[in-house]
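Novice: The following block contains the structure, expressed as structure tokens.
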Amino acid sequence: MAAVRLDEVVARLGGRLIGDAGRSIRQVATLERAGPDEISFLANPKYQEKLFATRAGAVILSEASVDACPVACIVSDQPYLYFARVAQWLNPVNTPPPGVHPTASVESPIPESASIGAGVRIGPDAVIGARSRIGPGCVIGGGVVLGDDALLHANVTIYDGCHIGARAIIHSGVVIGADGFGFAREQHGSWVKIPQIGSVVIGDDVEIGANTTIDRGALEDTVIENGVKLDNQIQVGHNVRIGADSALAGCVGIAGSARLGSRCTVGGGAVILGHLSIADDVNISAATLVTKSIPDAGTYSGAVPSQEHAAWLKNFSHLRHLDSMADRIRTLEAQLARLLEIQQASSNDAEKKP
Amino acid sequence: MAAVRLDEVVARLGGRLIGDAGRSIRQVATLERAGPDEISFLANPKYQEKLFATRAGAVILSEASVDACPVACIVSDQPYLYFARVAQWLNPVNTPPPGVHPTASVESPIPESASIGAGVRIGPDAVIGARSRIGPGCVIGGGVVLGDDALLHANVTIYDGCHIGARAIIHSGVVIGADGFGFAREQHGSWVKIPQIGSVVIGDDVEIGANTTIDRGALEDTVIENGVKLDNQIQVGHNVRIGADSALAGCVGIAGSARLGSRCTVGGGAVILGHLSIADDVNISAATLVTKSIPDAGTYSGAVPSQEHAAWLKNFSHLRHLDSMADRIRTLEAQLARLLEIQQASSNDAEKKP
Amino acid sequence: MAAVRLDEVVARLGGRLIGDAGRSIRQVATLERAGPDEISFLANPKYQEKLFATRAGAVILSEASVDACPVACIVSDQPYLYFARVAQWLNPVNTPPPGVHPTASVESPIPESASIGAGVRIGPDAVIGARSRIGPGCVIGGGVVLGDDALLHANVTIYDGCHIGARAIIHSGVVIGADGFGFAREQHGSWVKIPQIGSVVIGDDVEIGANTTIDRGALEDTVIENGVKLDNQIQVGHNVRIGADSALAGCVGIAGSARLGSRCTVGGGAVILGHLSIADDVNISAATLVTKSIPDAGTYSGAVPSQEHAAWLKNFSHLRHLDSMADRIRTLEAQLARLLEIQQASSNDAEKKP
């Protein structure tokens, strides 16, 4: 890995350098583990005491932590964002040499700058972007459009006709464009498949985690807008639309025809039911179920706490009887109100008597 | 796409045609998007106002909506089912030419009518059905039986000895026949694997969504009956049996040895625990946990609502104290009952006095 | 399958044999299904009546059930564990012949004892263990270390630089070492990727179920210790550590930087949030959400019961109003306390009067 001097870092990325401008760094690391040729960061001044023992060559931090830093530092308003940029610089993506592996089966033209891995299959009429890298075992259907600089890791499957934007990063096991779950029911209960004739359209700068699935639309398209980040094992149903720069953590499920706004975040394991709309800038907490549209920005939660098993047994058994609990409270309120009236009346009587 | 005249449609599929019998349609579309050579549907008369502005060439609808339809229509008792059949007609499945791709590694006889994609691996002693289509990258174990007209999309894995029925549609990333999760525990806590010697037996007309997994049985077989439809990312544990024509939405998990009846539906993200039985015609709502057998048909739910974060914080903190809440209600009831008795007694006294 | 005599079984595995020592068994089976050349087990004396009708050649059971057994039996303190060992003996793993399939693309040395399947891709600088078996379609990145006797089923993906221990069993569709979900946010809401420069380190004797994903660490490694068993469709976030001999059922999600102790069990569908620590010997029930560290061994639960839909509608609507319910109980308690005081005072008065 090449070394970079701290003055080169601030020259390119900005920020105020305090300390040895000529010091070279080669890698990023945590405050606990960083050595003299590594750079670390402190995003939250709350953890400032971690600075005392660091052996890092330099630390990226905010103004508030400067005095507590025993080593060179770069001061930034957004230390974590700054750290991300330094980390990207020091860790350029490992690019395989361009060319088509001899075991690949390719029926579409491939730009000279692209790299097509072993055993890749690309159908007819596909458009493969410049400098795109398609890992071993990927299957790209006919008519797929793949943007420039897209990176598909090994064993990704993209069905016919899907569009993927520039600079996409798609991890292994992802399936894009499988049929949505659409059936009409016959009177005796069996199911007749609705052909899924929509497609999947994915914008630029989208990252998709391992084993995530995005179904094609039934009649129209499933749409993932620019800058969306999807973690692993997410299920996106047909006709869903996810707005720009939204980020969804692992194991989220989004049912058909749901619409998420832009800049939303969804915590891990959350479930969003179908045919509803979520506004821009909504944050859904982890393990939360969304059953209705959310028209206003904000944070929404529904996670259920856990506790020691015996306590849980006692407490959660009441969930099946909340309505009768509410009834009993209402009854108590009515009875008590009557008693209070009587008591009031008798104390009035008592006052009148003398 | 070939055009079909409306009178040809009703000749083949039934229904009553109102309007221009000679009009040709080429595709299905939504009421909002359909153009003059497309056919749409209205399943629910509640949305009848959508008819007014449609530019569709024809609409499939029920008797109740005929008068509101400004264009040609086909009247059917079940418009959505009718629409499914028209959509299938207009969108025949794209069939690759028969033959075995030169990069496939095949150790079993392949019928001439079958199509085996690039890089496919088929083990020994497998039986591959007529006209079956196996997409690129699929791995079919030894002794697998695959029914006629089965369609395996790319990168499906089927372990040794599994049986798949006729007309199966299996999407990419599906894994059928991996070992069930069975271990015996040693005294010091480590685990000894129980060999999973059962298989997976899947009936006819089953569709399985992307990245769904169905484990082989421990001692007996895991069984998916005819007509079952599984969405994406479903986990089916060992020894599970799913009855005919049941349909399970995405991200459902079914633990080992659970049995679902026929014609059940299970909403997305639901979890069904192991070693229990669910009757025929049971509907499990989305995000519901089933912990006990369900002996009677009906709909069962357990989804937890979400709300604005601050309200959630206040409300759900009480979940850990429901039992003491119940105790306090009981105490109030007892105290109030005593007060009421006393009050009754004193008012009886008061009545007697004069 | 070779036959084994009962006296050979106890000679190798211990236990007390009662009955025909020369009887041969060929396979394991359930009590209901076993025939005369099969051996079964009874782990729980509660189900002792199943013994009466068994046609098994022999049964493995505990002392308590000996008298109820109509056929030969092997007495063991831990019948299920004993059964596991017999089942393993009778069902040796089917080992493909060593060698590299001609369609594999291999850039690292392969030991002669290893078996590399069709279409496998192995990058440079990998170390492949003796007698390891890599199924068709697997993609092994550069620099990967794979232990001796590891078994990778078809279509497994391992990213560059990951370490897998000896005797690993990894099922199809597993993805190990994909990037963790790490991004810094820019002011206008878009995301900047944090390069994930850690790796995944997996100990010996680990089994990983189909379509499970284990992300690589951000700065340090994601670690799965010896003897861990992971079921299907589990998501393990970056920097997670799972202690030795822990077992996690299907569909569990573990967010980044969570730490599980040794010998933990986690039920299906449970979700463990990030940046928390769980002690050794903790059992998390199925469908439970863990939001805080658990410092003490024990069982923890949070699963929500389901019920018939109409009852659920009535009961769970109160979840959004638990706090006002608690307020009303507090109000009732205060009012009642005042009434009781007044009543007490007046009865004191009454006592004084005469």
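The values are calculated or read from the model by the stated rules, or taken from the named source; none is laboratory data. In this text the structure is predicted, and so the values were computed from the model without any measurement. Heads up, the Cβs are rebuilt from the backbone with ideal geometry, glycines too, and the neighbour counts pull from every protein chain shown. Surface accessibility is based on the protein's heavy atoms, side chains included, excluding ligands, DNA and RNA. Shrake-Rupley method; radii C 1.70, N 1.55, O 1.52, S 1.80 Å.
Novice: To the nearest hundred square angstrom, how large is the accessible surface buried between B and C, total for both chains, probe 1.4 angstrom?
Specialist: Details: alone 19450 and 19450 Å², together 33200 Å².
Heavy-atom accessible area buried at this interface is about 5700 Å².
Novice: Enter the mean number of other protein chain beta carbons within 10 Å of the beta carbon of each residue in C:130-140, as an integer. Could the numbers behind the result be given before it?
Specialist: Numbers: counts 0, 0, 0, 0, 0, 5, 12, 13, 5, 11, 2.
Partner Cβ neighbours, averaged per residue: 4.
Novice: Rounded if a/c is under 1.5, else prolate if a/b is larger than b/c, else oblate: which is segment C:173-316, with a ≥ b ≥ c the root eigenvalues of its Cα gyration tensor? Can you show the working numbers first?
Specialist: Values: a/c = 1.85, a/b = 1.25, b/c = 1.48.
Oblate.
Novice: Please name which of A:Gly267, A:Ile329, A:Asn348 has its Cα lying farthest along the dipole of segment A:266-354 towards the positive end, using unit charges on Cβ (Lys, Arg +1; Asp, Glu -1) and the Cα centre as origin.
Specialist: Toward the positive end, the furthest listed residue is A:Asn348.
Novice: For chain B, with a Gaussian network of springs between Cα atoms less than 10 Å apart, report the residue from B:Glu107, B:Glu32, B:Glu207 with the top mean-square fluctuation.
Specialist: The residue with the greatest mean-square fluctuation here is B:Glu32.
Novice: Further, regarding this structure: Please compute the per residue accessible area over segment A:90-140 with all protein chains in place, 1.4 Å probe, rounded to a whole number of Å².
Specialist: Numbers: 2280 Å² over 51 residues.
Heavy-atom accessible area per residue stands at 45 Å².
Novice: OK, next. Would you mind listing the distances between the A:Pro98 label point and the same position in each other copy? Use 7 Å along Cα-to-C-beta, nm, one decimal, shortest first.
Specialist: From this label point to the equivalent ones elsewhere in the assembly: 4.3, 4.3 nm.
Novice: Amide H neighbours of B:Asp20 under 5 Å, counting only residues 5+ apart in sequence or on other chains, H built in-plane at 1.01 Å?
Specialist: B:Ala72
Novice: Pop a pseudo-label 7 angstrom from the Cα along the beta-carbon direction at both A:Gln88 and C:Asp37 and give the gap in nm to one decimal.
Specialist: 6.7 nm
Novice: Could I ask something else about it? Compute, for segment A:29-93, the length of the dipole vector about the Cα centre, with Cβ point charges of +1 (Lys, Arg) and -1 (Asp, Glu) only. Units Debye, rounded to 20.
Specialist: Working: 5 positive and 7 negative charges, 31 e Å.
Rounded to the nearest 20 debye, it is 140 debye.
Novice: Could you look at chain B and say what percent of its accessible area is carbon and sulfur, using a 1.4 Å probe and all protein chains?
Specialist: C and S atoms contribute 52 percent here.
Novice: List the distances, in nm and shortest first, from the label point of A:Asp125 to the matching label points in every other copy, placing each point 7 Å from Cα along the Cα-to-Cβ direction.
Specialist: Result for A:Asp125, in nm, nearest copy first: 4.3, 4.3.
Novice: Averaged over its residues, how many other protein chain Cβ atoms are within 10 Å of peptide B:33-40's Cβ atoms? Intermediate results must be reported in sequence, preceding the final value.
Specialist: Details: counts 2, 1, 0, 0, 0, 1, 0, 1.
Across the residues of B:33-40, the mean count of other-chain Cβ atoms within 10 Å is 1.
Novice: Compute, for chain A, the length of the dipole vector about the Cα centre, with Cβ point charges of +1 (Lys, Arg) and -1 (Asp, Glu) only. Units Debye, rounded to 20.
Specialist: Values: 29 positive and 37 negative charges, 140 e Å.
In total the dipole reaches around 680 debye.
Novice: Take the alpha-carbon centre of segment C:287-302, take the same for segment C:25-80, and report the distance between them in whole Å.
Specialist: Answer, in whole Å: 37.
Novice: Within 10 Å of each Cβ in peptide A:243-254, how many partner chain Cβ atoms are there on average? Round it to a whole number, please.
Specialist: Values: counts 0, 2, 6, 2, 6, 1, 7, 12, 15, 3, 11, 3.
Partner Cβ neighbours, averaged per residue: 6.
Novice: Between C:Val223 and residues 5 or more places away or on another chain, which pairs have amide H atoms under 5 Å apart, with H built 1.01 Å from N, and which residues are they?
Specialist: Those qualifying (amide H under 5 Å, at least 5 residues apart or on another chain) are C:Val201, C:Val240, C:Arg241, C:Ile242.
Novice: Oh, and also: Quick one: 3J(HN,Hα) in Hz for segment A:53-61, Karplus 6.51/-1.76/1.60 with θ = phi - 60°, rounded, Gly and Pro as x.
Specialist: With the stated coefficients, segment A:53-61 comes to 9, 5, 10, 4, x, 7, 10, 8, 7 Hz.
Novice: Work through the residues other than B:Cys264 whose Cβ is under 12 Å from its Cβ and net out their charges, Lys, Arg +1 and Asp, Glu -1. Please list the in-between numbers first.
Specialist: Values: positive: B:Lys229, B:Arg241, B:Arg259, B:Arg263; negative: B:Glu225, B:Asp245, B:Asp280, B:Asp281.
Counting the neighbours of B:Cys264, the net charge comes to 0.
Novice: Just name one of B:Ile254, B:Ala11, B:Ala178: the one whose Cα is farthest towards the positive end of the charge dipole of chain B (beta-carbon charges, Lys/Arg +1, Asp/Glu -1).
Specialist: B:Ile254
Novice: What is the local net charge at A:Arg23, summed over the other residues whose Cβ is closer than 12 Å to its Cβ (Lys, Arg +1; Asp, Glu -1)? Write out the running numbers ahead of the final one.
Specialist: Numbers: positive: A:Arg5, A:Arg26; negative: A:Asp7, A:Glu8, A:Asp20, A:Asp37, A:Glu38.
The answer is -3.
Novice: Let's test the formula: R0 of 60 Å, r as the Cβ-Cβ distance of B:Ser277 and A:Gln344. What FRET efficiency results, to the nearest 0.05?
Specialist: Calculated transfer efficiency: 0.55.
Novice: Now, a different point. In whole angstrom, note down how far apart the Cα centers of segment C:93-119 and segment A:98-137 are.
Specialist: 25 Å
Novice: Beyond a 29 Å Cα-Cα separation, which of these cross-linked pairs lie in this structure: A:Lys46/C:Lys229; B:Lys314/C:Lys314; A:Lys292/C:Lys229; A:Lys292/B:Lys46; A:Lys314/C:Lys46; A:Lys292/B:Lys314?
Specialist: Details: A:Lys46/C:Lys229 37 Å; B:Lys314/C:Lys314 20 Å; A:Lys292/C:Lys229 38 Å; A:Lys292/B:Lys46 19 Å; A:Lys314/C:Lys46 26 Å; A:Lys292/B:Lys314 20 Å.
Exceeds cut-off: A:Lys46/C:Lys229; A:Lys292/C:Lys229.
Novice: Express in whole angstrom the spacing between the alpha-carbon centres of segment B:313-354 and segment B:199-230.
Specialist: 56 Å
Novice: From the label point of C:Glu8, set 7 Å along Cα to the beta carbon, how far off in nm is each other copy's matching point, shortest first?
Specialist: 6.9, 6.9
Novice: Quick one: if you stick a label point 7 Å off each Cα along the C-beta vector at C:Asp327 and A:Arg55, how many nm between them?
Specialist: 5.7 nm
Novice: Let me ask something else about it. Just the number, please: percent antiparallel of the DSSP beta bridges in segment A:10-101, rounded to the nearest 5.
Specialist: Details: 3 of 12 bridges.
Counting DSSP beta bridges with both partners in segment A:10-101, the antiparallel share is about 25 percent.
Novice: Using the Karplus curve 6.51 cos²θ - 1.76 cosθ + 1.60 with θ = phi - 60°, work out ³J(HN,Hα) for each residue of segment A:286-295 in order, rounded to whole Hz, and write x for Gly and Pro.
Specialist: Taking θ as phi minus 60°, the curve returns 4, 6, 9, 9, 10, 10, 9, 4, 10, x Hz for segment A:286-295.
Novice: Report, for chain B, the % of DSSP beta bridges that are antiparallel, rounded to 5.
Specialist: 10 percent
Novice: In sequence order, what are the phi-derived ³J(HN,Hα) couplings for segment A:300-305 according to the Karplus relation 6.51 cos²θ - 1.76 cosθ + 1.60 with θ = phi - 60°, rounded to whole Hz, with x for glycine and proline?
Specialist: Those phi angles translate into 10, 9, x, 5, 9, x Hz.
Novice: Here's something else I'd like to know. Among rounded, prolate and oblate, which fits segment B:112-258 when a ≥ b ≥ c are the square roots of the eigenvalues of its C-alpha gyration tensor, a/c under 1.5 means rounded, and a/b larger than b/c means prolate? Each step should come with its number before you reach the end.
Specialist: Values: a/c = 1.97, a/b = 1.50, b/c = 1.31.
Note, shape of segment B:112-258 comes out prolate.
Novice: Span-like helices, chain C: DSSP H, alpha-carbon axial extent 18 Å or more, mean Kyte-Doolittle 1.0 or greater, which ones? Could you put the intermediate results ahead of the total?
Specialist: On the way: long enough: C:322-352 (44 Å, -0.54).
Membrane-span-like by this criterion, though nothing is claimed about a membrane: none.
Novice: Determine the percent antiparallel among the DSSP beta bridges restricted to the protein assembly as shown, to the nearest 5. Walk me through the numbers before you get to the answer.
Specialist: Values: 30 of 224 bridges.
Of the beta bridges lying entirely in the protein assembly as shown, close to 15 percent run antiparallel.
Novice: Which residue fluctuates the most in chain C, going by a Gaussian network model with Cα springs under 10 Å, if the choices are C:Arg12, C:Arg328, C:Arg33?
Specialist: Per the Cα network of chain C with a 10 Å cutoff, C:Arg328 tops the list.
Novice: Given axes a ≥ b ≥ c from the Cα gyration tensor, I'd like to know whether segment C:189-240 is rounded (a/c under 1.5), prolate (a/b larger than b/c) or oblate. If you can, show how the numbers build up before the last one.
Specialist: Working: a/c = 3.91, a/b = 1.71, b/c = 2.28.
Since a/c reaches 1.5 but b/c is at least a/b, the shape of segment C:189-240 is classed as oblate.
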